[in-house]
Amino acid sequence: MRVVRAGTGVLATLAAACLLCAPGGAAAQAMTLLDAYHLALAQDPRYRAAVEEAAAGEQYRLIGRSFLLPQIQFTYNWARNRSDITRYAGPRLGDQTTTEFYRSYSGAVQLRQPLFNWDYWSRFRQGEAQSQASAALFDSRRQELALRVTTAFTEVLEAYDVIALAEAERDALQEQLKQNHRFFDKGEGTRTDIVETQARLDLAVAQVIEARDGLTAARKRLDAILGASQGGQDRLLATLSPQFRAAGPVPADIGYWTDAAIASNPELQSRVHGVEAARQDIGRARAGHLPRVDLVASYGENKSETVNTLNTRYDTAYVGLQVAVPLFSGGAVRAQVSQAEANYRKAMAEFDGRRTEVTDEVRKQFDLALSSVVKVGAYEQAEQAARELLRATRLSIAAGMRVNLDLLNAQQQLHTARRNLARARYTNVVTRLRLLFAAGLLTEQDVRDASAQFSGHAAPGQPQRPGQPERRAASRALDVSAATKPFGEPRHGQH
């Protein structure tokens, strides 16, 4: 069972999942795809933002409903007043001014219940549609997270496989170069053999460096999703099980998948609700032509409100209907209706376009899922044939029928076949989830099923990080004959 190391993680979160007791000592438990998905649910910044976006979207329903509920308002006013009162007291006294100081207050409670208000009713239905659109969009973000985790997870594993294959090719060429020198020293080889092998070796060294750079980038992408910090001990990732078998879409019926996408794709469902919200905007605009009827109840109390009511208190209560009928708004309502209708048609057109894109994507992913199974089988045969070719080439060289260049080509063909096979296997896992995502059917159970295809625990002698002394020593210890073993079989330093 092979396990590779990925970038640093939140070790406290994974402590329980990274260690287990095993006979003969402690063995580290590798993070499975399902473990990574669960961690991403809590750590991925994009998904956490989607959670908050969904929480905000749910409020549209409550905001829309609030327009149909009673509105209660309380007002209160208290003041200290000074009033100068001037009266004419006759020709003898003239104007007489008196100054009054007094306190006044007024308070009122008013309840307003809409009875008929088409604007408010449209707002209510629009809020329902907006909340449903937000919920559907959140479902899409959740499915997208599962796909992103799977893609990043397999990219890291593939990067480790590429490194292992590149190092094996480099080590085989190093041994071949030594052999070329020995033959040349004995007079049994040529300078051309040495130059050919050295050129291939230089290229292989560059490919190892490139593969390590690819691993660093892949680990960073996975760490960005899992919320991992930099530095510290690497996290263990489980690799594909030796019993892995490529599988295609079930059912293998494109009609089923396109129908499922139209009915279940959450992004399409979000746009359906968006179209409904746009339709309610038309109702809100047309409400500008309709009357509004409210039930109004009020109770008020005021004292010394004016100078003529000093030391007088009034208590007033009333219940009644209030009707407002719009007569003319300068053409604004008609313009708003036209604008809302245009936006509705725009939303419908965007939905139609997106529906076509989704069905096209489903067909594309369906074809890729089918072809990925065929590719895995073809690359398995190609890898087997390349191993047989390498063995036959060695025998032919010993018999004097082939030359060094033929051996180099056979070795390169074998390593290429193994790289293609590893990539095809990971692609098969990802394309099945991409098809489910395109159809809107991707669930945690699908991630669980995919995770079951990966090994669960770290085995003794697991690969070290690229560049560590232990791994470099193991690479140097590889014999040329190791290149003839199938990819995935135990090699020196591996179990």
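None of the figures in this text is laboratory data; all of them are computed from the coordinates on show. Keep in mind that this is a model prediction, so the values were computed, not measured. All Cβ positions, even for glycine, are placed from backbone atoms using ideal geometry, and neighbour counts span all protein chains on display.
Modelled spin-label separation between Q243 and T75, with each label point placed 7 Å from Cα along the Cα-to-Cβ direction: 7.8 nm. 3J(HN,Hα) couplings calculated from phi for the range 130-141 with the Karplus curve 6.51 cos²θ - 1.76 cosθ + 1.60 (θ = phi - 60°) are, in sequence order, 5, 5, 5, 5, 5, 5, 5, 5, 5, 4, 5, 5 Hz; Gly and Pro show x. Quick note on the range 65-152: its Rg to Rh ratio, both from C-alpha atoms and Rh being the Kirkwood radius, is 1.56.
What FRET efficiency comes out for K186 versus A452 if R0 is 45 angstrom and r is the Cβ-Cβ distance? Round to the nearest 0.05. That pair, K186 with A452, gives E of 0.25. Residues whose amide H falls under 5 Å from that of F454, counting only those 5 or more places apart or on a different chain, are S241, with hydrogens built in the peptide plane. Put simply, the amide H of M31, placed in the peptide plane, has neighbours under 5 Å in L236, L237, A238, leaving out anything fewer than 5 places away on its chain. Here's the list of lysines a cross-link from K375 could span, going by alpha-carbon distance under 17 Å and ignoring same-chain residues fewer than 8 apart: K364.
Straight-line cross-link partners of K186 among the lysines, defined as a Cα under 25 Å from its Cα and at least 8 positions apart when in the same chain: K178. For the residue pair N420 and A335, what label-to-label distance in nm results when each label sits 7 Å from Cα along the Cα-to-beta-carbon direction? In this crude spin-label approximation the distance works out to 6.6 nm.
Dipole orientation for the range 170-244: of the candidates A206, L237, G187, L237 has the Cα lying most toward the positive pole (charges on Cβ; Lys, Arg +1; Asp, Glu -1).
Simple spin-label estimate for A49 and D84 gives 6.5 nm between the two label positions (7 Å along the Cα-to-Cβ direction from each Cα). Neighbours of Y60, meaning other residues whose beta-carbon lies under 10 angstrom from its beta-carbon, give a summed charge of +1 when Lys and Arg score +1 and Asp and Glu score -1. For the range 73-204, the dipole from Cβ point charges (+1 on Lys and Arg, -1 on Asp and Glu) about the Cα centre works out to 1740 debye, to the nearest 20.
Report, in debye and to the nearest 20, how large the dipole of the range 375-451 comes out about its Cα centre when Lys and Arg carry +1 and Asp and Glu carry -1 on their Cβ.
The dipole of the range 375-451 has a size of about 200 debye.
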